[in-house]
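Structure first, then comments.
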Amino acid sequence: MISKNQVKLIRQLETKKFRRREGLFVAEGPKVVGDLMAHSQPVAVFATEDYTPPRPTDIQRISGDELRKISFLQHPQQVVALFPLPQPQPYKPSPSALTIALDGVQDPGNLGTIIRLADWFGIDTIVCSEETADAWNPKVVQATMGSIARVHIVYTDLPALLDQLPSGTPVYGTLLDGDNLYEQELSDGGLIIMGNEGNGLTEKVRQRVNRRLLIPSYRTDDTAESLNVAIATAIVCAEFRRRTR
């Protein structure tokens with residue numbers, strides 16, 4: 001049985017303020033919880049009787065009705081677990097590694113999908129501007145489908161970080177006035193910066209891009225104004241990996 005105080009704590013972890021205060025975030029479902037358990041010890045696990053953990057751990061068994069009280073999903077999936085927030089780590093650029101940087105991406109679903117894409121394409125680090133949505137939001141964690149366990153997330157002043165990069169570091173930006181992605185030379189390392197869903201890259205970040213990329217449209221008449229940022233990230237990452245594999 002779960003207590004009212006436990007329910008209250010878990011529900012409060014929907015907000016960034018309480019996540020930071022408690023140093024905890026919420027994960028749900030056997031896949032997401034299992035992937036996180038492989039890298040971090042949960043603080044608490046609440047699960048129905050039909051849930052079997054991937055490794056021995058303390059479980060507080062609860063009913064389906066109690067699971068629905070603490071779940072952030074429309075259809076709860078057997079288990080809700082609390083994990084400690086990772087300690088902030090500085091970004092360490094590598095000339096041979098690709099990094100995704102996000103400049104004000106706001107939608108939790110987009111952010112979660114981009115984290116999942118980074119995992120798929122073997123990109124270990126995502127650098128986020130302070131204006132980017134919080135990666136430990138329950139909606140983001142769920143959208144990553146466990147990839148958040150394997151991708152290092154860094155929040156920082158993005159223009160300041162770009163100014164501190166070693167001279168000659170490729171800084172790619174996706175821009176509507178950029179050059180055709182499929183006709184440009186692409187490097188093994190560097191930063192790929194993706195912008196806000198509605199406004200693209202901020203002016204401060206745009207000024208620091210030294211390699212401007214465009215995903216071309218193949219229509220000659222009226223077409224969509226732009227691509228969803230997660231879809232654009234997938235296209236760009238796939239082309240980088242295709243060329244440099």
* To do: Would you confirm whether any residue within the range 108-124 is of a type in the set (Gly, Ala, Ser), under 26 Å from Arg242 (Cα atoms) and more than 14 Å from the chain's Cα centre (by Cα)?
  => no
* Please go through the range 77-111 and pick out each residue that is free of Cβ contacts under 8 Å to residues at least 40 places away in the same chain and closer than 18 Å to His39 by Cα. => Gln87
* Asked: With the range 1-111 as the region, which strands (runs of 3 or more DSSP E) entirely inside it contain at least 2 residues that are in contact with a helix residue (DSSP H, G or I) (Cβ under 6 Å, 6 or more places away or on another chain) and modelled with pLDDT of 95 or more?
  -> 24-28, 79-84, 98-103
* Which of the residues belonging to the range 125-181 are within 10 Å of the chain's Cα centre (by Cα), in a loop (DSSP other than H, G, I, E, B) and of a type in the set (Gly, Ala, Ser)? -> Ala133, Ala135
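Just give me the residues in the range 182-206 being assigned to a loop (DSSP other than H, G, I, E, B), more than 15 Å from Gly104 (Cβ to Cβ) and of a type outside the set (Gly, Ala, Ser), in sequence order.
In the first step, residues of the range 182-206 are kept if they are assigned to a loop (DSSP other than H, G, I, E, B); the result is 184-189, 197-199, 201-202.
This time we only want the ones that are more than 15 Å from Gly104 (Cβ to Cβ), so: 184-189.
The answer is Gln184, Glu185, Leu186, Asp188.
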* Which condition breaks for Gly190 when tested against (1) open to solvent by 10 Å² or more (accessible area, probe 1.4 Å); (2) at pLDDT below 95? -> (1)
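Pick out the one residue from Gly104, Gly122 that is of a type in the set (Gly, Ala, Ser) and under 14 Å from Ile193 (Cα atoms). Reasoning before the result, please.
On the way: Gly122 fails: under 14 Å from Ile193 (Cα atoms).
Gly104 is the lone residue from the list that is of a type in the set (Gly, Ala, Ser) and under 14 Å from Ile193 (Cα atoms).
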* Structure fact -> Taking the range 13-55 and keeping only residues that are of a type outside the set (A, V, I, L, M) and in contact with an Asp or Glu (Cβ under 8 Å, 6 or more places away or on another chain), one is left with Lys16, Arg19, Phe46
* **Test for Pro76: is it within 25 Å of the chain's Cα centre (by Cα) and under 20 Å from His152 (Cβ atoms)** => no
* Looking for whichever is surrounded by fewer than 14 Cβ atoms within 10 Å (Cβ to Cβ), without any contact (Cβ under 8 Å) to a residue 40 or more places away in the chain and touching a strand residue (DSSP E or B) at 6+ places or on another chain (Cβ under 8 Å) here; the options are Asp50, Asp58, Asp65. Which one fits? => Asp58
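The values are calculated or read from the model by the stated rules, or taken from the named source; none is laboratory data. Everything quoted here is computed from the prediction, not taken from an experiment. Virtual Cβ from ideal backbone geometry, glycine too; neighbours counted across all protein chains shown. Surface areas here come from the heavy atoms of the whole protein model, side chains and all, with no ligands, DNA or RNA. Shrake-Rupley method; radii C 1.70, N 1.55, O 1.52, S 1.80 Å.
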